[in-house]
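Below is one structure, written out as structure tokens, with a few remarks after it.
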Ligand SMILES: Nc1nc2c(ncn2[C@@H]2O[C@H](COP(=O)(O)OP(=O)(O)OP(=O)(O)O)[C@@H](O)[C@H]2O)c(=O)[nH]1
Ligand SMILES: [Mg+2]
């Protein structure tokens, strides 16, 4: 059913790299679209060539993107995209996914949007994902309650400024794991509403949709203070690689095998160090997306497992500890190795590797 209100509802979905933002955004978007609503998404990255945008478009969703820095530092561009979506699509809901290493969105995006562009969008709740896989793994070793390292400060801050905390990847958690994670989140963000959710089992999705449809006015999340030098240091710990290429061959090959082999090679190379690495392989037979987050390799495919094709397009995004030049060299080796193993001809390679610059928000309301 279409929304009554004429302004689209803008829903920001935040959370650390690999926590499940895009997957959740697609699941919610597809469900709302099935119910007759018009849905658009806005993706965001420090660079170009995004798996998330290509993935959203491969699912038939209208996707705009803010490139070259987060929403907060490119606020005008975000507003331009929202205006354009309103003019061309008249969406009921717009999901926007900030960069996973970005925080302070209450002060730099939501507050300014309400203050300067109230006529353009109605603000929905700010959902922040706490990665279920990491809550019962890596995050057990993080002092989120008394953060010290830049990573701890960043992750704790992301969680603390949420309107609603989503404990993601519930399917990976035992009941006891879930209870412990929810209890920890409650201690960390007292009074927060917490919904546990899985895009695999479907748990929690209906509760989130019901909340998004609620037309009662919302309180904006209150900005939480953060030291921008520490925040910048947390972002600068990560090397960023985005690349794309095309592969073709006279002998048909399996896009699924190619994607999984490449990600297994990458997992061997990066081990648990990948904040998030993801690949999207598109072909005439469909697409496959595979991701490596928190040391776990997972795939989501919209293609027959047995399908073989003679050409594919490939987009590869890696965010991990380490220097961008090393990352670029590793990604290049990965692509060359895949081409050699499958006897493929490679063309159209483009890439960029960088360390995110210090955040300099267009607005910061406190
Ligand atoms: N088991 C499980 N895996 C999930 C779930 N949601 C997402 N994933 C996997 O988690 C990985 C990261 O998912 P994304 O949705 O790409 O995460 P993201 O937060 O958008 O990542 P960035 O855009 O890099 O910050 C992928 O391999 C997904 O398949 C879930 O509910 N259960
Ligand atoms: Mg994403």
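Rule-based calculations on the coordinates, nothing more; no lab input. Only a predicted model underlies this, so the values are computations on that prediction, with no experimental measurement involved. Note that we place each Cβ from the backbone using ideal geometry, even for glycine, and neighbour counts take in every protein chain shown.
Is the C-alpha gyration tensor of the stretch 320-359 telling us rounded, prolate or oblate? Criteria: a/c under 1.5 is rounded; beyond that, a/b larger than b/c is prolate, otherwise oblate.
On the way: a/c = 4.60, a/b = 2.31, b/c = 1.99.
Prolate shape, in that a/c is at least 1.5 and a/b is the bigger ratio.
Please tell me the relative contact order of the stretch 196-306 in percent, rounded to the nearest whole number, where contacts are Cα pairs under 8 Å and at least six residues apart. Don't skip to the answer; put the middle values down first.
Working: 91 pairs, mean separation 17.5, N = 111.
RCO, the stretch 196-306: 16 percent.
Working from the pairwise distances between different alpha carbons, so that the mean of 1/r is found and then inverted, what is the stretch 237-354's Kirkwood radius in Å?
Numbers: mean 1/r = 0.0710 Å⁻¹.
For the stretch 237-354, inverting the mean 1/r across all distinct Cα pairs yields 14.1 Å.
Taking the beta-carbon count within 10 Å as an exposure proxy, list 280, 67, 32 from fewest neighbours to most.
Numbers: 280 25, 67 16, 32 21.
Going from least to most buried by this count: 67, 32, 280.
Between residue 83 and residue 251, what FRET efficiency follows from the Cβ-Cβ distance if R0 is 41 Å, with the result rounded to 0.05? Don't jump to the answer; show the numbers that get you there.
Numbers: r = 48 Å, r/R0 = 1.18.
Working from the Cβ atoms, E equals 0.25.
Test of understanding: ordering 11, 355, 226, 318 by Cβ neighbours within 10 Å, fewest first, what list do you get? Spell out each step's value before the answer.
Details: 11 25, 355 15, 226 20, 318 28.
Going from least to most buried by this count: 355, 226, 11, 318.
How high is the relative contact order of the stretch 9-234? Use alpha-carbon pairs under 8 Å, at least six apart in sequence, and give a whole percent.
25 percent
Largest first and in whole Å, give the semi-axes of the stretch 9-234's equivalent ellipsoid, each being the square root of 5 times a Cα gyration tensor eigenvalue.
Values: eigenvalues 134, 85, 54 Å².
Its equivalent ellipsoid spans semi-axes of 26, 21, 16 Å.
What spacing in nm lies between the two simple spin-label points modelled at residue 225 and residue 362, each 7 Å away from Cα in the Cβ direction?
2.8 nm
I'd like the distance separating the alpha-carbon centroids of the stretch 207-254 and the stretch 329-366, in whole Å.
16 Å
Can you tell me the FRET efficiency between residue 201 and residue 345 if r is taken as the Cβ-Cβ distance and R0 is 41 Å, rounded to the nearest 0.05? If you can, show how the numbers build up before the last one.
Working: r = 41 Å, r/R0 = 1.00.
After rounding to 0.05, the efficiency reads 0.50.
More than 26 Å apart: what percent of Cα pairs in the stretch 1-141 qualify?
Numbers: 1944 of 9870 pairs.
Tail of the P(r) past 26 Å holds 20 percent of the pairs.
Tell me, 342, 241 in order of fewest to most beta-carbon neighbours within 10 Å?
Values: 342 17, 241 25.
Listed from fewest to most nearby Cβ atoms, that is 342, 241.
So for the stretch 105-217, what are the equivalent ellipsoid semi-axes in whole Å, largest first, each being the square root of 5 times an eigenvalue of the Cα gyration tensor? It would help to have the intermediate numbers written out before the result.
Working: eigenvalues 133, 77, 21 Å².
Output for the stretch 105-217: semi-axes of 26, 20, 10 Å.
Compute the distance in nm between two label points, each set 7 Å from the Cα along the Cα-to-Cβ direction, one at residue 209 and one at residue 34.
So the two model labels end up 0.6 nm from each other.
Stretch residue 67-residue 143 to full length: gain in nm at 0.36 nm per residue minus the Cα-Cα span? Please report the intermediate quantities before stating the final value.
Details: separation 76, 0.36 × 76 = 27.36 nm, distance 3.18 nm.
The span from residue 67 to residue 143 would gain 24.2 nm if fully extended.
Round to the nearest 0.05 the FRET efficiency obtained for residue 300 and residue 265 when R0 = 25 Å and r is the Cβ-Cβ distance.
The value I calculate is 0.85.
Given a cut-off of under 8 Å on Cα pairs at least six residues apart, what relative contact order in percent is computed for the stretch 237-354? List each step's numbers first, then the result.
Working: 256 pairs, mean separation 51.4, N = 118.
This gives 44 percent for the stretch 237-354.
Cut-off 17 Å, label point 7 angstrom out along Cα-to-Cβ of residue 355: give me the residues of the stretch 307-337 whose amide nitrogen falls inside.
Counting only backbone N, you get 319-329.
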